[in-house]
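Worksheet: one structure, shown below.
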Amino acid sequence: MHSEWRCPDCGPVPPLRVAERVGPGMLEVATALINDPPQPAAGSAMPLWCLWPLPPGWVMTGAAWAGDDRTGVRATAVACSGPAPLGGGPADLILVAEEPGVGLGTRFAGIPGPDPGALLADVMTVELPGHAENPAHAKVRAAGHPTPLWSVKSPTDRSAYVGEARGRWLYAITWPSSAGYLLAEDVVLHDLTEWLPPELVYGAPSPYLHGLV
């Protein structure tokens, strides 16, 4: 008998909750759960990263969080959708913040294991002519701080970028893979647990976040 949630492949995992609808009410509930952990001394609250300001034509399309009443929220995900940066149709983005060993980001990225450490190490140790160290493939601003991201190998239908922000893994996964060019722009990430922008625009629920694609 086990009291924790278990995956047949990975063993104990925190339960994942995906909001059926997206809107201000749902975000108020989610941020209240994140900001009121059962063990306040364990550290700062898990970020709920969202594009803000939203790029032209983009909307927020979902939110999810993983954790239980004992451990609190250990991972969060926010989905956004909009026009693909290179044209040719719509694009989707999921931003994940998580503690080491959770595996939510690798699940959406389609890569093995609970953490991207090995893949990230391979990318960061590749020697490039004229560079003392491997430069980041993308840079975003997370809560005002420059945050480098590196592209890791993922299925061909998506692109996956990984970095670190506030002591947690930060993933940016896009569909299709060409939508990763969104991160070449001046992308700013805002932590919704600190403040919910009243101008945030919402769209239909993301099929990627709900596991329908």
**OP:** Of the numbered conditions (1) part of a loop (DSSP other than H, G, I, E, B); (2) surrounded by 14 or more Cβ atoms within 10 Å (Cβ to Cβ); (3) of a type in the set (Asp, Glu), residue 92 fails exactly one; give the number of that condition.
**Re:** (1)
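To keep it simple, each residue is scored yes or no on (1) open to solvent by 50 Å² or more (accessible area, probe 1.4 Å); (2) within 15 Å of residue 106 (Cα to Cα); (3) touching a strand residue (DSSP E or B) at 6+ places or on another chain (Cβ under 7 Å).
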site: 137; (1), (2), (3): yes, no, yes
site: 144; (1), (2), (3): no, no, no
site: 158; (1), (2), (3): no, yes, yes
site: 164; (1), (2), (3): yes, yes, yes
site: 174; (1), (2), (3): no, yes, yes
site: 178; (1), (2), (3): no, no, no
Original post:
Within the bounds of segment 62-72, is there any residue that is surrounded by 18 or more Cβ atoms within 10 Å (Cβ to Cβ), in contact with a Phe, Trp or Tyr (Cβ under 8 Å, 6 or more places away or on another chain) and touching a residue at least 24 places away in the same chain (Cβ under 8 Å)?
Top reply: no
Original post:
Is it true that residue 106 is among the polar types (S, T, N, Q), crowded, with 24+ Cβ neighbours inside 10 Å, within 22 Å of residue 143 (Cα to Cα) and within 15 Å of the chain's Cα centre (by Cα)?
Top reply: no
**OP:** Scan (1) open to solvent by less than 80 Å² (accessible area, probe 1.4 Å); (2) modelled with pLDDT of 95 or more for the single condition residue 32 breaks and write down its number.
**Re:** (2)
Original post:
If you go through segment 37-57 one residue at a time, do you hit one that is under 17 Å from residue 96 (Cβ atoms), at pLDDT below 95 and in a helix (DSSP H, G or I)?
Top reply: no
Original post:
Residue check, residue 85 against (1) touching a Phe, Trp or Tyr at 6+ places or on another chain (Cβ under 6 Å); (2) assigned to a strand (DSSP E or B); (3) modelled with pLDDT under 95; (4) not aliphatic (A, V, I, L, M), all met but one. Which one?
Top reply: (2)
Original post:
Out of all the residues in segment 199-209, is one or more crowded, with 19+ Cβ neighbours inside 10 Å, within 13 Å of the chain's Cα centre (by Cα) and closer than 30 Å to residue 25 by Cα?
Top reply: yes
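The values are calculated or read from the model by the stated rules, or taken from the named source; none is laboratory data. Note that the structure is predicted; figures quoted are calculated from it, not measured. We place every Cβ from the backbone using ideal geometry, glycine too, and count neighbours over all the protein chains shown. Areas reflect the complete protein model, heavy atoms only, side chains present, ligands, DNA and RNA absent. Shrake-Rupley method; radii C 1.70, N 1.55, O 1.52, S 1.80 Å.
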